[in-house]
Amino acid sequence: MSTIDTTHNNHDAHHGQGLFSHHDDHLHPEPTSFWTKYVFSYDHKVIAKQFLIFGLFWGFVGALMSVMIRWCLAMPGQPFPLIGNLLFPSSNGVIPPDFYNALFTMHGTIMIFFALTPIIIGFLGNYSIPLMIGARDMLFPWLNMASFWVSVASGALLMYSIFVPMGPSAVGWTSYPTLAHSQWSNGPGHSLWLVSLFLAGTASIMGAVNYISTIIRLRAPGMRWRDLPLTLWGLFLTSILNALFLPVLTAGLLLLLIDREFGTTFFLAASISEAGTQGDPILYQHLFWIFGHPEVYIVILPAWGLVSDFLSFFSRKPAFGYKATAISMTAISILSAVVYGHHMFTTGLSPLLTSAFTTLTLLISIPSGIFFLNWLGTLWRGSIHFTVPMLFAMGMVFTFGLGGLTGLHLAAVSTNLLLHNTYFVVGHFHLTMAASSLLASYGAIYFYFPKMYGRMMNTRLGQIHFWASFLPIVYIFMMMMVAGYAGMHRRIYNPYEYNYLQHLLRLNQYIGIAVAIAFSAQLVFVYNYFVSRKKGSVSGPNPWYLGTLEWTIPSPAPYYNFDKIPTVYNGPHEFSHPKVTDRDFIRQDEYIEGISHKNG
Amino acid sequence: MWGNNNMIRHSLIKAIFRLVLAVGLGTSVSVMSPSALAQTEETFHKQNNNNDQVHAHGIVETRSALESWAPPKSISSYGHRLDWLFEYTSWVAAIFFLIMTVALVYFSIRYRARPGHKAYYTHGKAKASEKWAPKLLDLAVFVSLDLVLIGSSYIHTRDFIWNYPAGPEVVRVQVMPQQWVWNFRYPGKDDTFGTEDDITTINDMRVPKGKPVMVQIMSRDVIHGFFISNVRAQMDAIPGSITKFWFDANTVGDYEIACAHLCGTAHYKMKGFLKVMEETDFKRWSEEASDWSKAAFDPADPSVKWGWNWALNQK
């Protein structure tokens, strides 16, 4: 295994960016053994693929769980088809209520920490950062590898926790005490969940430190901050949020674990624990949400950046208001740290706090509006190519617009009191953080597939995949908001226990149908992915005709990415420049008199 | 679609994926099949018709398709103000969403790539209008939505959310949920909590029509959410600390109290009932119930002893 990789990169870090050319003769041969090449690889591109497969596997598990959840709501008391009798023999195939609670707990945990995070941060970050900044690898390749394998350990623990006696964790992904204490959720399931998430958090912190350092230290000569593709702005800000707030979550989880396993009372209130102890379950909510709200942005920021880039790439037009978009994303990252209280409006916060959190939360709509309108500005008078990544990007613009506007209802304390803990919340956050990041993730996969494998994914199947996912997704989450406004609250096994929810049966059945369609559509993607790897048409180095650095090297990307570290002279989005007539894009690493900047 | 080499493996993969697709689609079809739907509705109604509690309270609402988009009837004096704000926000947001959708669709058609069409080179500051148009539109959203929400939240907080009623006519109730029932406590005839004539009920909350009701809540075990959709209010029940809110109910009838916060396996069944009575009926009931409570009071029974000092937790 080549430990020299780290030396190489540290060396660069010590000497600054200008010395890259000295290292051309330090190139090390690609590892040849199976273990060093595919398993314990230091190569950021291999680690990216590992994260991608890891995320797709867990995404499939999480999606299957959502199908089961929707089955319960659409077909209360009916055995789950095909595999019901296998999984739940004691109830004749009907999903039992405690397992239903485990399902939505696991669905939330898996989708956030084991599907979206590995794909949109682990895969996209690892794959795009070194290639887009013109580096040969991440700054800390060993840390990068460790981040992935800690994620695997965390995933293994979570998987194991599903099969332990007394069942997996069933207290919701937020894991609120005191329900999460051993008195009310017995058995090893939830403790394993806590350890697993602790490890997942650790892995993310490792990745975050690496991403931040790499983007700061390893940018190619001449690459100014304003020459970074917006994807990297998103990933950079995400990593900062991860590095700042995941430690808070992991600390909270650790305290809860100690409460469970060693009988401390950090989160147990005096009146119900042993005399003389003073804990507070609300303290956990503060710890959780001071991480939990930035987490929404952690998952969505890379997606915003990516979509900003895609809209420019495929409209063949510079990103509209690049600087404003970057500043807006930074402003949102800062604001995200001070708005978490809107998750706790029903815990009896004082009016001073509710007004403050209402106002701060609603302030986020200013920067969000700016970059959102910049997206539309990018499309305006462009020359729009509806490639598959572009379809996903435009789909994301739609879902994020819808999700963003419905966030207003939840930000204000008045309307929040109607909607807190209802399906309105579920529909809203699925549109913003789930559907939007999911669509962007798919866009990223279709986009980088030719660079990963040297072949294109099938366009027709990609279009089918997009429409068969996008339309049901919009329907599902819009109808969830309708159900929520009609009073349907979250996390209930059988809503029809309540008379005022009985008329929602039909609606929930239609949502169930849409979920089944959206789920099946993902199989088209899986088929396309695995078959196109070997059978797709050969892509060539620059199939999308772009100027960013990753498209200046051959496809699939060679082991050391760049033979010679490029020098950057142009921004990432120089399309349709009136002075360049033979093609409609300018490479970041070419110098054109009168257009390029001279920083290189 | 793909090259012809390695046909056998290709068709094998194809077959596997066809199978998986068939399973996926089979699930969708079995959900969609009319007989399955009909069967579900049948068992569903059978289950609910056997539910005595529902019949006893007789809360069966029939709704038209359009009404199913609306929340249950608002019965509190402030519910309509929250509903208005929700509807205002939704409509204005819908208008902006419509503008966005129209722009997306129009740009997609008007500026689609085609021979002879070249994109306009701008970074968004070539003309003054490019610089200011997004900012003005953003400002319009902020003023018409965010400022209204901030202002309304402030006014609502001042007027009713944090403006608790006081005085002799206020009905005071202590609520202590536990897995998975709602315990209610009224001060009884002597108007003092923690005495022998306190009325305690399970899953049965009664209030007089039109009178303000002050509720203090604390949980016995895990966090629960006291949620009455009809009065448009909810408040968490937290073990170890007391939360409070108030409401009033202007229409006589039976309503449901839901637990809005995940509280364990039977969370979905943790349903209480709110009975809004005429004032005289309520008075008669509370006096009778207070007498019975006093007569039946058993100092050895710890389950009746829950409760806390009202005044200490009121302000």
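Computed from the coordinates by the stated procedures, all read-outs in this text should not be read as laboratory data. Keep in mind that what you see is a predicted model, and the values were worked out from it rather than measured. Virtual Cβ from ideal backbone geometry, glycine too; neighbours counted across all protein chains shown.
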Original post:
Considering every residue in A:531-544, what mean count of other chain Cβ atoms within 10 Å of its Cβ is obtained?
Top reply: 2
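What 222 nm value per residue comes from the helices of chain A, counting each DSSP H run with n ≥ 4 as -39,500 (n - 2.57) and dividing by all residues, nearest 500 deg cm²/dmol? Numbers along the way, then the final one.
Values: 18 runs with 345 residues, N = 600.
For chain A, the value works out to -19500 deg cm²/dmol.
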**OP:** Taking H placed 1.01 Å from N in the peptide plane, check which residues at least 5 places from B:Ile223 or on another chain put their amide H under 5 Å from its amide H.
**Re:** A:Thr178, A:Leu179
Subject >> Listed residue (B:Ser303, A:Phe123, B:His267) projecting farthest to the positive dipole end of the protein assembly as shown, Cβ model >> reply: A:Phe123
Subject >> Ranked packing of A:211-223, A:101-113, A:84-96, most packed first, by mean Cβ within 10 Å >> reply: A:101-113, A:211-223, A:84-96
**OP:** Within a 10 angstrom radius of each residue's Cβ in A:355-366, how many Cβ atoms of other chains show up on average? Whole number is fine.
**Re:** 4
Subject >> Cβ-based charge dipole, the stretch B:172-220, positive-most Cα from B:Phe184, B:Met214, B:Thr195 >> reply: B:Met214
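If you add up the charges near A:Ala412, with Lys and Arg at +1 and Asp and Glu at -1, over every other residue whose beta carbon is less than 13 angstrom from its beta carbon, what do you get? Please list the in-between numbers first.
Details: positive: B:Arg81; negative: B:Asp146.
Charge balance in the 13 Å sphere: 0.
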Original post:
Considering every residue in A:99-109, what mean count of other chain Cβ atoms within 10 Å of its Cβ is obtained?
Top reply: 1
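For a 23 Å ceiling on Cα separation, which of these pairs sit above it: B:Lys73/B:Lys271; A:Lys451/B:Lys125; A:Lys564/A:Lys598; B:Lys189/B:Lys269; B:Lys211/B:Lys269?
Working: B:Lys73/B:Lys271 18 Å; A:Lys451/B:Lys125 33 Å; A:Lys564/A:Lys598 19 Å; B:Lys189/B:Lys269 32 Å; B:Lys211/B:Lys269 29 Å.
Beyond 23 Å: A:Lys451/B:Lys125; B:Lys189/B:Lys269; B:Lys211/B:Lys269.
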Original post:
Does anyone have the angle between helix A:388-411 and the longest principal axis of chain A? Alpha-carbon axes, 0 to 90°, nearest 10?
Top reply: 40
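Can you list which of the chymotrypsin sites (Phe, Trp or Tyr not before Pro) found in the stretch A:423-518 are DSSP loop residues with at most 14 other C-beta atoms within 10 Å? Don't jump to the answer; show the numbers that get you there.
Working: sites: A:Tyr423, A:Phe424, A:Phe429, A:Tyr442, A:Tyr446, A:Phe447, A:Tyr448, A:Tyr453, A:Phe466, A:Trp467, A:Phe470, A:Tyr475, A:Phe477, A:Tyr485, A:Tyr493, A:Tyr496, A:Tyr498, A:Tyr500, A:Tyr510; in loops: A:Tyr493, A:Tyr498.
For chymotrypsin sites (Phe, Trp or Tyr not before Pro) across the stretch A:423-518 that sit outside H, G, I, E and B with at most 14 neighbouring Cβ atoms in 10 Å, the list is empty.
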**OP:** Would you mind checking the tilt of helix A:322-335 against the longest principal axis of the Cα atoms of chain A, expressed as 0 to 90 degrees and rounded to 10?
**Re:** 30
Original post:
Within chain A, which is the longest segment containing none of the GluC sites (Glu not before Pro) that sit in a DSSP loop and have at most 14 other Cβ atoms within 10 Å?
Top reply: A:275-592
Original post:
At a Förster distance of 30 Å, what's the computed FRET efficiency of B:Arg284 paired with B:Ala70, Cβ-Cβ distance as r, to 0.05?
Top reply: 0.30
Original post:
In terms of modelled amide H atoms, which long-range or inter-chain residues lie less than 5 Å from the amide H of B:Gln234?
Top reply: none
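Less than 12 Å Cβ to Cβ from B:Ile238, Lys/Arg counted +1 and Asp/Glu -1: what total charge do the surrounding residues give?
On the way: positive: B:Arg220, B:Lys244; negative: A:Asp280, B:Asp221, B:Asp236.
It works out to a net charge of -1.
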Original post:
Roughly what % of DSSP beta bridges within the protein assembly as shown run antiparallel, to the nearest 5?
Top reply: 70
Original post:
Which net charge results for the neighbourhood of A:Trp184, defined as the other residues with beta-carbon distances under 14 angstrom from its beta-carbon, given Lys and Arg at +1 and Asp and Glu at -1?
Top reply: -1
**OP:** Just name one of A:Ser436, A:Ser355, A:His293: the one whose Cα is farthest towards the positive end of the charge dipole of the protein assembly as shown (beta-carbon charges, Lys/Arg +1, Asp/Glu -1).
**Re:** A:Ser436
